[in-house]
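Remarks on the structure that follows.
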Amino acid sequence: MKLFITGNSSGLGRGFSEAALGRGWEVYGCSRRGCGLDGVHDVQCDLGDFGNVPVALDQLLTGVERLDLVILNAGILGEIRPMHDTSLEELRRSMDINVWANKVILDWLLDAGIAIDQIVGISSGAAVLGNKGWNGYAISKAALNMVLRLYSHEFPNTHISAIAPGLIDTAMMDYLCVEPDPEEFPALGRIREARGTQTMPGPREAAERVLGVVGKLREFDSGSFVDIRQLIAPEEYAALMRAPASSLP
């Protein structure tokens, strides 16, 4: 199995790299800081520098004729704050990294003619919930879902999907569980309650969980958005969808 993953220097991306290596896969990755894991074919690349992304991919993937799985994982959260107080510059930054960088990558993959079995974009429940304060993250993840749906028509031999991987205990949670006010932003209450429980696994465990359901994503139409809880905890997912929007992560 050959995997290409973006944003694999830390968090869930590094967890994917570790999990894939543990399964004996060949791993190709790009990230701003570099991965540093033995066995990973790695190139450093700032995905916000659109002109340099194709150069980095040329360096990393030239000569690769087939990829079994591509995971578009890289993304940024931005600050949790009222939409009124969020600048256009911050919103543009979220869109650049979470959406348009992925367009650059998908265009390069199309032009390169690499045979790809499956592409998975890491999205979020924030893409559909619209909770107060999530702003650029929610907007960009919703846009990513649609971008992947649109590209599903242009990769006729590749299954494409977006997946919300659920809560994961990463550096993002260091911010979400400390700085923003949960009274002003109610969705944070549920997140803070989940930290330290099985509901919020670490990056490696979360990556294993996603890789374990990758095959099931093919049961959905190419271009679909799927929340992992639909697959592994349907009762929890149903309860979340019934809850008031203000309380959801």
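The values are calculated or read from the model by the stated rules, or taken from the named source; none is laboratory data. As the structure is a computational prediction, the values presented were derived from the model and not from experiment. Virtual Cβ from ideal backbone geometry, glycine too; neighbours counted across all protein chains shown.
When residue 194 is evaluated against the numbered criteria (1) more than 18 Å from the chain's Cα centre (by Cα); (2) surrounded by fewer than 17 Cβ atoms within 10 Å (Cβ to Cβ), which criterion, by number, is the only one it fails?
(2)
For residues that are of a type in the set (A, V, I, L, M) and surrounded by fewer than 16 Cβ atoms within 10 Å (Cβ to Cβ), tally how many sit in region 96-111. Give the steps one after another, and end with the answer.
Filtering region 96-111 down to residues of a type in the set (A, V, I, L, M) leaves 97, 99, 101, 104-106, 109-110.
With the extra rule that they be surrounded by fewer than 16 Cβ atoms within 10 Å (Cβ to Cβ), the set shrinks to 110.
The number of residues fulfilling the criteria is 1.
For region 1-12, which positions are out of contact with any helix residue (DSSP H, G or I) (no Cβ under 8 Å at 6 or more places or on another chain) and not in a loop (DSSP other than H, G, I, E, B)? It would help to see each step written out before you state the result.
Step one: list which residues in region 1-12 are out of contact with any helix residue (DSSP H, G or I) (no Cβ under 8 Å at 6 or more places or on another chain), which gives 2, 9.
Matches in region 1-12: 2 only.
Hey, any hits in region 174-188 for a residue that's exposed (fewer than 15 other Cβ atoms within 10 Å of the Cβ) and of a type in the set (A, V, I, L, M)?
If we filter region 174-188 for residues that are exposed (fewer than 15 other Cβ atoms within 10 Å of the Cβ), which is where we start, we get 174-175, 178-179, 181, 183-184.
Those still in the list that are of a type in the set (A, V, I, L, M) too: 178.
Among the residues of region 174-188, at least one is exposed (fewer than 15 other Cβ atoms within 10 Å of the Cβ) and of a type in the set (A, V, I, L, M), which makes the answer yes.
Take the residues of region 165-193 that are out of contact with any helix residue (DSSP H, G or I) (no Cβ under 9 Å at 6 or more places or on another chain) and assigned to a helix (DSSP H, G or I): which is farthest from residue 130 (Cα to Cα)?
If we take residues in region 165-193 being out of contact with any helix residue (DSSP H, G or I) (no Cβ under 9 Å at 6 or more places or on another chain) and assigned to a helix (DSSP H, G or I), then 174 is farthest from residue 130 (Cα to Cα).
Is it fair to say residue 72 is modelled with pLDDT of 95 or more and touching a Gly at 6+ places or on another chain (Cβ under 6 Å)?
Numbers: modelled with pLDDT of 95 or more: yes; touching a Gly at 6+ places or on another chain (Cβ under 6 Å): yes.
Against the criterion (modelled with pLDDT of 95 or more and touching a Gly at 6+ places or on another chain (Cβ under 6 Å)), residue 72 qualifies.
Hey, among 127, 162, which residue is of a type in the set (A, V, I, L, M), in contact with a Lys or Arg (Cβ under 7 Å, 6 or more places away or on another chain) and buried (at least 22 other Cβ atoms within 10 Å of the Cβ)? Steps first, answer last, please.
On the way: 162 fails: in contact with a Lys or Arg (Cβ under 7 Å, 6 or more places away or on another chain).
Selected residue: 127, the only one of 127, 162 that is of a type in the set (A, V, I, L, M), in contact with a Lys or Arg (Cβ under 7 Å, 6 or more places away or on another chain) and buried (at least 22 other Cβ atoms within 10 Å of the Cβ).
Here is a list of conditions, (1) in contact with a helix residue (DSSP H, G or I) (Cβ under 7 Å, 6 or more places away or on another chain); (2) in a helix (DSSP H, G or I), and residue 71 meets all of them except one; can you say which number that is?
(2)
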